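Quick note: the coordinates plus some simple rules give every number you see, no bench work behind them. Remember, predicted model here, so these are calculated numbers, not experimental data. A quick note on method: Cβ atoms are made from the backbone with ideal geometry, for glycine too, and the neighbour counts reach across all protein chains shown.
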Amino acid sequence: MTDIVDLYDVAYSWGWAHPTLRKTVYLCYKTPDFVSNARRFHASAEFSETCALLGRLGHPPSNAGRLLDIGCGNGVACYALARSGYRVTGVDSSAGQLAGIRAAEKIVGLDGSHFEVRQVTPGPLEFPDESFDVVWMREVLHHITDLVPFLLEVKRILKPDGVLCCLRDTVIWNDEQRANFFRNHPFFHITHDEGCYYLDEYRQAFKIAGLRMEQEVNPLESVINTYPSDPIPGALYDPAVSMANPGRYDLFSFFVRKPAMSPVMPVPWPTEGGAVESAPLQKASADSAPETAPLAACQDLAVYWTPEMAIMLEVWGDDNVWNEIQFLLAGCEGRILDIACGTGNAIAMLSRFRHLEIHGCDISDFLIGKAIERGLRKDLLRVCDATATGYADQSFRHAYSIGSLEHFTEDGIVEFLTETNRITRHSSFHMVPVSRSGRDEGWVRSSQGYFNNSTAWWQERFSSVFTAVHSLDSAWSDSISTGKWFVCTNTPVPAHTHDAVLAHTGACCRPAGDQLRKNTMLGSVMTVEGEHYGPVILTPQILASIAASPETMEEILLFHEQLATDKYVRYVDTYYWEGLRRFGRHWRFMDISTVLYAAAKVLQPRNYLEIGVRRGRSISMVVRACPSVKIAAFDLWVSNYAGMENPGPDFVREELIRQGHTGTISFFNGDSHQTIPKVFAASPDVLFDMITVDGDHSEAGAYDDLCNVIPRLAVGGVLVFDDVAHPLHPELVGVWRKALARFPALVAYEFTESGFGVAFAIRSR
């Protein structure tokens, strides 16, 4: 190690000697008493809360995982983490005696806490790929001058499913705050090593680096950020307050995860000149399409293959757009075209679906060349203009475009869509950014200019070409835009055609059959008067966004207030608020009530069947979301059955009236294993848009119920199965998976992190 003067040592020595800064140095754990510093940090509420959060993310100290502390300074966190159970390595560029590696070396072994420390130089981290379960950075990330390359290096050394925690990083909201931050920082005039970023700059860097946000901790919600003060219970963070104060900055913490599996292949890093050497482009073979297209000139590599653009092309869709396109295509089959496919990452991800033949086209021969290097079939790729592809009419069943249409001129957008309509037989799906403001903001200048306009503006352009257009929210967003899918169909779909507009997991909720008909089931519980189309992407992300919205919170709270308090209501309340507290807007917790409400809110089902009604609470959630739904309710209407109060159909009917139910309901009393087959035999053509199975919890009984009702689930309909994580019924999750194996048309998900668990499935075909 060198003996040069360490500026952080100078800064903290000066601060310790300065009466007005002595307390600041103490609170920063940078006093000359190294032992006290370490033990105080280990005992702090901030450290305890951070470890608890890491535990909830699957990396508790008890796992003894490998942890890297980047910017470890004097080693107080290394000591605390090692003492708690992690296997710790600390690195820092400072060799300081007070604030650097030499200070950290003095507490190695303290209280039996052993850890390794190393001095490093800025640049690549000298660790093998996938070396660490956790990377810890406290008050470090805002010091990094180039976030994306640094985060990519951190991602490299993280194991799959590993977590990076960035604690107490500085956020400013305007340039005046930035200037004041540097002007007022007590040590910046000595170290000249501080930094601050806008919140969206952190978020975008994580996204570009392919790190999934698990939890973003705002300045008021946790002692992690409020230290040295305690958080104020019930305090709500309002960014507008921060923005209005020129002398203020905020502290945020971020917990992000390296995905366990990446849907895309790694891309070579560009050379200094900005381009990557690639083999000459091989044109698509003659049998890739009925017609051939001319080779287009390669677009500017300075735009498409700068380091940042190369990264963005590969990873920007991780964890949002890629899973959405899978849902869009779940009910489709045959030839599909990826328009403006770029390097082919979406095609590579979709190639595992054997019933799909994914073709790709792009105007850039360079990007198509990268797609070929990825290993995609040359005969399925084409260099062409999206407004004049050269494909024959109706060459493809479906087509999609992701983040490309917005880069065209207004005339070009219409030409793009007209060409898409010409070459597809059924439907196409297009994801574009729409403005957060809801206004038409026009052409935004960036490395690639694009339109950032309202949903209505885009709807008008799509509707000028297609006869049926539906807009759906995407999980993608940035600081000025949010993603929007437009699902487009050029002609009405015959009733017998299942894959025409079954875009997003086949989401057309309608009865089967080749013509309009009328079905009656025991007392007019369900009358089908015509086709029922309801396109929707229903994913865990969509469910979570609906369930965590203020409107849904209000609905559920109003619903709970109307219920008599009992053990079940207390359970629902407890886990509802626990989910919000733990996950906030990244909520992953679901129970049967929130799944049913969110699904019904989106699908607006005509017909709903439930096994195991009891007091009607689950049905009530469906009714609150869709008051006109027609209901078939099955239960053993016997008081105190299975130890639970069961007040009977009249009680449930009155409950539904209070919830605003305007549809019909029929009650069926008896063992569902007998009543369900009888009802279905009497009404052989009836299908349901939503079904809930929450009755017999025995292994054989639950499986029988599932197998009886699944064939009556409409294409695009939702099946909900409760208690898949119930401690008294551990066999139910196996029952659910066994039923799924029997019915491969179901696309299914399970929520088992909290509560008694719930699963749902969508029928894709």
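A few notes on this one:
- Inverse mean reciprocal Cα-Cα distance (Kirkwood Rh) of segment 688-765, Å: 12.2 Å
- Highest mean packing comes first when the peptides 362-375, 597-610 are listed by Cβ atoms within 10 Å, giving 597-610, 362-375.
- Ordering of 679-689, 200-210 by packing [mean C-beta count within 10 Å, highest first]: 200-210, 679-689
- Under the convention that each Lys and Arg Cβ holds +1 and each Asp and Glu Cβ holds -1, the size of the dipole of segment 169-251 around its Cα centre is about 100 debye.
- Packing, taken as the mean count of other beta carbons within 10 Å per residue, orders the peptides 344-351, 436-443 from highest to lowest as 344-351, 436-443.
- Packing-based exposure ordering (other Cβ within 10 Å, fewest first) of I144, I657, I631: I657, I144, I631
- D by Stokes-Einstein for segment 43-257, Kirkwood Rh over Cα pairs, 4 °C, 1.567 mPa s: 73 µm²/s.
- Applied to segment 33-38, the Karplus parametrisation 6.51 cos²θ - 1.76 cosθ + 1.60 on θ = phi - 60° returns per-residue 3J(HN,Hα) values of 8, 5, 5, 4, 3, 5 Hz, with x for Gly and Pro.
- Global form of segment 150-243, assessed from the alpha-carbon gyration tensor, a/c cut-off 1.5: oblate
- Here the calculated FRET efficiency for R658 and S471, from their Cβ-Cβ distance with R0 = 35 Å, stands at 0.55, rounded to the nearest 0.05.
- Listed by chain and number, the lysines whose C-alpha is less than 25 Å from the C-alpha of K678, apart from same-chain residues fewer than 8 away, are K518, K630, K738.
- Tensor-based shape of segment 589-763 (alpha-carbon gyration tensor, a/c under 1.5 rounded, otherwise prolate or oblate): rounded
- In this structure, the residue pairs whose Cα-Cα separation is over 23 Å, taken from K30/K258; K159/K207; K484/K601, are K30/K258.
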